[in-house]
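The values are calculated or read from the model by the stated rules, or taken from the named source; none is laboratory data. Keep in mind that what you see is a predicted model, and the values were worked out from it rather than measured. Here the Cβ positions follow ideal geometry from the backbone for every residue, glycine too, while neighbour counts run over all protein chains shown. What goes into the accessible areas is simple: the full protein's heavy atoms, side chains included, and nothing from ligands, DNA or RNA. Shrake-Rupley method; radii C 1.70, N 1.55, O 1.52, S 1.80 Å.
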Protein chains: 2
Amino acid sequence: MDTALDRAVRVFRDRGYHATSIGDLTAAMRLATGSVYKAFRDKHAVFLAAFERYTALRQEQTRSAAARGKNGRERLRNVLLSYVAHSRGREGRRGCLVVGSAVELSALDPVVGARVNAQLKTNEAFIAGFIREGQADGSIPGHVAADDTARLMICITQGLRVVGKTRLSLDGDRLVGVAMKLLA
Amino acid sequence: MDTALDRAVRVFRDRGYHATSIGDLTAAMRLATGSVYKAFRDKHAVFLAAFERYTALRQEQTRSAAARGKNGRERLRNVLLSYVAHSRGREGRRGCLVVGSAVELSALDPVVGARVNAQLKTNEAFIAGFIREGQADGSIPGHVAADDTARLMICITQGLRVVGKTRLSLDGDRLVGVAMKLLA
DNA sequence: GATAATAGGGAATGCTTGTTTCCTTATCAA
DNA sequence: TTGATAAGGAAACAAGCATTCCCTATTATC
């Protein structure tokens, strides 16, 4: 079932919510129509489950990228580099389910809207945490406004996923190099 | 006709492409089904026309915001402030047609994909231009990498529109205050 | 080994969609 | 005024959609 859900994640990332038909879903999940509706109440429920699975996976990926840093600044740098890496090429063109949900559904679907909000807040707290860690370990100056900088960095990460959907190239070292000025 | 197109822009911004039915469109444009199809080949053509109209309007708004700055740095600051202002509140929740198109259509619709790409490049060149102006007039240090910084700022602006779709608040002075560090 | 229960599959259903067709009502030329 | 032309509107249409229903294996139970 989890493997089927992973396939659902892929379709939703590729096509978005509304452009994904039950037919697309069953084909990708290799399940018959009836089986999908036996496992989930409706298409919306499949999407919610896929969303949850996607955010769990991404959080895990981001966390492990951060872990490779020796101090707050390096951990944050690794997080940003990881975001750029996931926004590039085919993976980038596949898109982020959080960004997709925010843009396509958030305003009209309160349930999805709430999940998107919660996820963004979690990511923001995650980034703000690294800034504060860096300030404690001396790798980031104390005068940096942790919360404002974290919110702007959320904008950067979400924007990366938008740009990654297009044909514009994204150079991790260069972009993150510039972005790290925000911690000066 | 232009006033009808403005109404189409609004619906597409609110609901996105796929979630907007011809019924939604005719209701908003106050035109009958037949009339829409007499003016446009199909739904896709309506969207393309709306997209063009939206980008023209936004470019004009951004240009006039920039014009109020006395040097390159101030013009760029005004552009960023204008972006935040348009990403806030009801206007922000209405969303940006470029971001929406990038996320929802870009990957699967080559025509829209090309327009999104072109628009992002235009915006990026616009920002890079202000950076170079600032370097010429002395308001921005010469060591700033104009192109890399411009691309990162595009990510910021697109990200602002994503976050603006959610319930997270956006404080223009604070966010732009932090972002201006990129020009240090 | 027979039976109950469950999981999976595919056809059927009703609804919504984008699109077309045709009819009515203005607009304008002669 | 009359005839032709364009514009606008409503109903009709086929296709595609999400969802339901029912049938068929397979598993587990006694």
Backbone N within region B:154-175 under 18 Å of label point (7 Å from residue B:68 Cα along the Cβ vector): B:171-175
Quick one: with label points 7 Å out along Cα→Cβ, list the inter-copy distances for residue A:21 in nm, shortest first? 1.7
Quick check: the distance between the Cα centres of region A:7-66 and region B:18-62, to the nearest angstrom? 31 Å
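Give me a single rounded figure for B:127-135: the average over its residues of other chain Cβ atoms within 10 Å of their Cβ. Working shown, then result.
On the way: counts 0, 0, 0, 0, 0, 0, 0, 0, 0.
Rounded to a whole number, the mean comes out at 0.
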For region A:50-183, what is the accessible area per residue in Å², given a 1.4 Å probe and the full set of protein chains? 38 Å²
Tally Lys and Arg at +1 and Asp and Glu at -1 over the other residues with C-beta under 10 Å from the C-beta of residue A:167: what net charge comes out? +3
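Computing the accessible area with a 1.4 Å probe over protein heavy atoms, can you report the carbon and sulfur percentage for chain B? Could you put the intermediate results ahead of the total?
Values: 3870 of 7700 Å².
Within chain B, the accessible surface is 50 percent carbon and sulfur.
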Given label points at 7 Å from Cα along Cα→Cβ, what nm distances, shortest first, separate residue B:70 from the same residue in every other copy? 4.7
Using all Cα-Cα distances in chain B, what percent lands in each 10 angstrom bin from 0 up to the longest? 9, 34, 32, 17, 6, 1
Which length gain, in nm to one decimal place, applies between residue A:18 and residue A:37 when the Cα-Cα distance is subtracted from 0.36 nm times their residue separation? 5.1 nm
Can you pull the mean other chain C-beta count within 10 Å for peptide A:88-97? 1
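What number, rounded to the nearest 500 deg cm²/dmol, is the helix-based mean residue ellipticity at 222 nm of chain A, given -39500 (n - 2.57) per DSSP H run of at least four residues and division by all its residues? If you can, show how the numbers build up before the last one.
Numbers: 10 runs with 139 residues, N = 184.
It lands at -24500 deg cm²/dmol.
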Just to confirm a number: summing +1 for Lys and Arg and -1 for Asp and Glu over residues other than residue A:139 whose beta-carbon lies under 13 angstrom from that of residue A:139, what do you get? +2
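Over all directions, what mean area does the Cα convex hull of the protein assembly as shown project, stated in square nanometres? Before the final figure, lay out each step's value.
Details: hull surface 74.1 nm².
Result: 18.5 nm².
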Could you let me know the centre-to-centre spacing of region B:112-182 and region A:128-184, using Cα atoms, in angstrom? 14 Å
Which one, A:177, A:34, B:46, projects farthest toward the positive side of the charge dipole computed for the protein assembly as shown from Cβ point charges (K/R +1, D/E -1)? A:34
Which distances in nm, rounded to one decimal and ordered from shortest, link the label point of residue B:121 to the equivalent label points in the other identical copies, with labels set 7 Å from Cα toward Cβ? 4.2
Would you mind giving the total buried accessible surface between chains B and A, with a 1.4 Å probe and ligands, DNA and RNA left out, rounded to the nearest 100 Å²? 3900 Å²
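Could you work out, residue by residue across A:171-181, how many beta carbons of other chains sit within 10 Å of that residue's beta carbon, and then give the average as an integer? Could the numbers behind the result be given before it?
Working: counts 2, 0, 1, 6, 5, 1, 3, 9, 7, 1, 8.
Across A:171-181, the average partner-chain Cβ count within 10 Å equals 4.
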Residue A:38: which aspartates and glutamates have alpha carbons under 16 Å from its alpha carbon, excluding same-chain residues fewer than 8 sequence positions away? A:2
If the reach is capped at under 24 angstrom between alpha carbons, list the lysines near residue A:70, excluding any in the same chain fewer than eight residues apart. A:181
Tell me, what is the 1.4 Å probe accessible area of residue A:15, in Å² to the nearest 10? 80 Å²
